[in-house]
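As structure tokens, the structure follows; a few thoughts come after it.
The values are calculated or read from the model by the stated rules, or taken from the named source; none is laboratory data. What you see is a predicted model; the values in this text were computed from it and never measured. Positions of Cβ are backbone-derived with ideal geometry, glycine not excepted, and every protein chain shown enters the neighbour counts.
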Amino acid sequence: MNPVNLAVNLGGLSMKNPVTVASGTFGYGDEYNHYFDISRLGAVTVKSLTLRPRAGNAPPRIMETPAGMLNAIGLQNIGLESYLREKVPFLREKNCVIIANIYGYTPDEYGELARRLEEENGADAIEANLSCPNVHDARHARGGALVAQSPEKVLEYTRAIKAATTLPVFIKLSPNVADIVEPALAAQQGGADAISLINTLLGMDIDPETRTPRLGNIVGGLSGPAIRPVAVKMVWDACRALEIPVLGMGGISSAEDALQFLLAGARAVAVGCMSFRRPDTALKVVEGLEAYCMRHGIVDINDLVGAMRL
């Protein structure tokens with residue numbers, strides 16, 4: 001049998017296979033290289049970067065839930081300068097494709113991050129996080145709106161980022177909306193090259209004995225296998241409305257999970273918090289996708305994109 005073609009093109013980003021990792025679950029890549037050769041992934045998506053270092057939220061910041069976990073890390077990161085100086089050389093030496101996830105407080109900050117990353121060879125694509133639910137204090141966490149919840153702001157921010165870089169730009173959207181299609185179309189109108197779906201669902205947990213929240217931030221982001229059906233459905237909704245590709249994520253634990261996203265229309269997938277439980281999960285997904293194609297006589301994995309049978 002002919003070898004399986006696993007290569008995909010995600011909005012202008014060439015990947016040797018359709019598997020990356022979800023930002024915030026894989027550090028900057030070097031931490032996981034102890035477990036497997038990270039260059040075998042289609043891309044490495046690094047932890048969210050801000051212009052200056054962030055300490056993140058006060059603990060406790062993470063807890064397990066049935067079939068998942070809640071986190072309120074608050075985008076703790078080393079900042080752009082340290083990333084460029086300390087992390088990029090290793091990733092380039094490994095010949096990894098880099099998706100740099102960025103977070104800013106204004107369109108100009110996002111633009112500055114994108115511009116610097118391109119100028120200093122710190123990324124091959126930009127993933128703009130417009131949907132992190134864990135960066136506000138408790139007062140705002142209860143009622144503050146995310147950029148990704150406003151199609152008008154999604155359009156504004158996307159245009160600003162696209163104006164600052166020639167790299168492919170992916171817009172990471174929130175599932176915490178009534179209709180995912182509206183912000184997705186706004187990102188497309190703003191010039192996005194792809195959409196990343198989904199970020200975490202808003203959730204919280206209360207200790208009945210102390211009657212206090214179990215997270216220091218009160219509210220956190222729910223991820224893990226529990227959210228996969230929601231993620232697959234939102235990817236399907238978006239793919240039917242968009243002309244640009246979708247990077248699907250949310251609760252992927254195996255190749256079978258990843259295949260659901262591809263069949264729903266995603267061009268590529270990202271493995272998230274399951275890397276905490278089994279560090280080589282993303283690699284196992286790559287191997288499982290190839291095995292599936294060989295078993296079913298599929299010579300090009302792109303033939304599976306949107307191939308759900310109705």
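Worth a mention:
- Residue check for residue 197: surrounded by fewer than 22 Cβ atoms within 10 Å (Cβ to Cβ), of a type in the set (A, V, I, L, M), under 16 Å from the mean Cα position of the chain (by Cα) and modelled with pLDDT of 95 or more: no
- Within segment 204-222, being out of contact with any strand residue (DSSP E or B) (no Cβ under 7 Å at 6 or more places or on another chain) and either at pLDDT below 95 or part of a loop (DSSP other than H, G, I, E, B) (or both) holds for 208, 209, 210, 211, 216, 217, 218.
- When segment 258-279 is filtered for residues that are touching a helix residue (DSSP H, G or I) at 6+ places or on another chain (Cβ under 8 Å) and over 13 Å from residue 232 (Cα atoms), the ones remaining, listed by number, are 271, 274, 275, 278, 279.
- Hits in segment 295-310 - residues which are under 14 Å from residue 245 (Cα atoms) and in a loop (DSSP other than H, G, I, E, B): 305, 306
- The listed residues are 264, 268, and the only one of them that is within 26 Å of residue 39 (Cβ to Cβ), buried (at least 18 other Cβ atoms within 10 Å of the Cβ) and in contact with a Gly (Cβ under 9 Å, 6 or more places away or on another chain) turns out to be 268.
- Residues of segment 153-166 classified as touching an Asp or Glu at 6+ places or on another chain (Cβ under 8 Å) and either surrounded by 22 or more Cβ atoms within 10 Å (Cβ to Cβ) or hydroxyl-bearing (Ser, Thr, Tyr) (or both), total: 2
- In segment 223-241, residue surrounded by the most Cβ atoms within 10 Å (Cβ to Cβ) [restricted to those that are in contact with a strand residue (DSSP E or B) (Cβ under 8 Å, 6 or more places away or on another chain) and over 18 Å from residue 131 (Cα atoms)]: 239
- Scan of segment 245-256 for residues that are surrounded by fewer than 21 Cβ atoms within 10 Å (Cβ to Cβ) and either under 22 Å from residue 129 (Cα atoms) or among the acidic types (Asp, Glu) (or both), ordered by number: 256
- Top-ranked residue of segment 79-105 - restricted to ones that are out of contact with any strand residue (DSSP E or B) (no Cβ under 8 Å at 6 or more places or on another chain) and either surrounded by 16 or more Cβ atoms within 10 Å (Cβ to Cβ) or in contact (Cβ under 8 Å) with a residue 60 or more places away in the chain (or both), ranked as nearest to residue 126 (Cα to Cα): 104
- Residue within segment 189-203 that is touching a strand residue (DSSP E or B) at 6+ places or on another chain (Cβ under 6 Å) and more than 19 Å from residue 103 (Cβ to Cβ) present: yes
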